1. Mind checking which helices (runs of 4 or more DSSP H) fall wholly inside region 98-189 and carry at least 3 residues that are in the same structural domain as residue 18 (by TED's automatic domain parsing) and modelled with pLDDT under 90?
2. Kindly list, by first and then second residue, each pair from a residue in region 91-107 that is touching a residue at least 60 places away in the same chain (Cβ under 8 Å) and under 11 Å from residue 128 (Cβ atoms) to a residue that is part of a loop (DSSP other than H, G, I, E, B) and of a type in the set (Asp, Glu), limited to pairs with Cβ atoms under 8 Å and residues at least 6 apart or on different chains.
Amino acid sequence: MRDYWIAHRDEQQIEAEAYGLQDSAESFARKVRAECAETLQRIDRLIVSGSYEQERARLAAQIPSGAMSAPPEITPRIQAAFDAFDNYTAGKNSPDPDQRARFERFGLAAGLATMELHEIVPFIAALEPAKRKQGRRRHLLPWESCRTEMGWIRQSVYSGHSIPKAARLAAEKTRRAGIENRAKTLERLYRQKLKLRDIN
């Protein structure tokens, strides 16, 4: 799974996936968050070492992309679970308010939040196909507008600087007014970004 994500999804896409599942108490969501966290940690190490693009290219050559070409470790049963959860999530965010309400009521009535993955899947696999918004739903990240600064801070932190010091250096590098406030904002955003790497 992690190799597949690194090969065919960028850092922002994986972060958006994890960010969108932050508040979900469902067992499957927790498992996906953990996979995202470990993948993002690995991406951090690859980027800092300068080998990210090379590793992505290597993995992409080994692992085909596309829904019909799941990574080798994804069995048909696991793929079906992913598809069912994707449909359930889409239903809870359906553009049709009636369908949205039905999915919400179903989740509460079935007690999905307290179930394990193997218990959840048979229930959600039987749900009606969800109506979807145009395009893939994507959660905007709080640090979306300052990716460059986040990259600078990451490099500084891996070089040994504390997060406050790294944020200060990044703020100075932008050469914008209000360095102190900017540094505090960047530090806050970077800490939010780090939370997505927390496996617990």
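The values are calculated or read from the model by the stated rules, or taken from the named source; none is laboratory data. In this text, all values refer to a predicted model and were calculated from it rather than measured experimentally. As a convention, Cβ positions derive from the backbone with ideal geometry for all residues, glycine included, and neighbour counts pool all protein chains shown.
1. On the way: elements: 117-124, 147-158, 163-174.
Where helices (runs of 4 or more DSSP H) fall fully within region 98-189 and carry at least 3 residues being in the same structural domain as residue 18 (by TED's automatic domain parsing) and modelled with pLDDT under 90, they are 117-124.
2. Qualifying pairs under 8 Å: none.
Yes/no matrix, rows are residues, columns are (1) part of a helix (DSSP H, G or I); (2) buried (at least 19 other Cβ atoms within 10 Å of the Cβ); (3) out of contact with any helix residue (DSSP H, G or I) (no Cβ under 7 Å at 6 or more places or on another chain); (4) at pLDDT 90 or above:
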position	(1), (2), (3), (4)
13	yes, no, yes, no
16	yes, yes, yes, no
19	yes, yes, yes, no
23	no, no, yes, no
45	yes, no, yes, yes
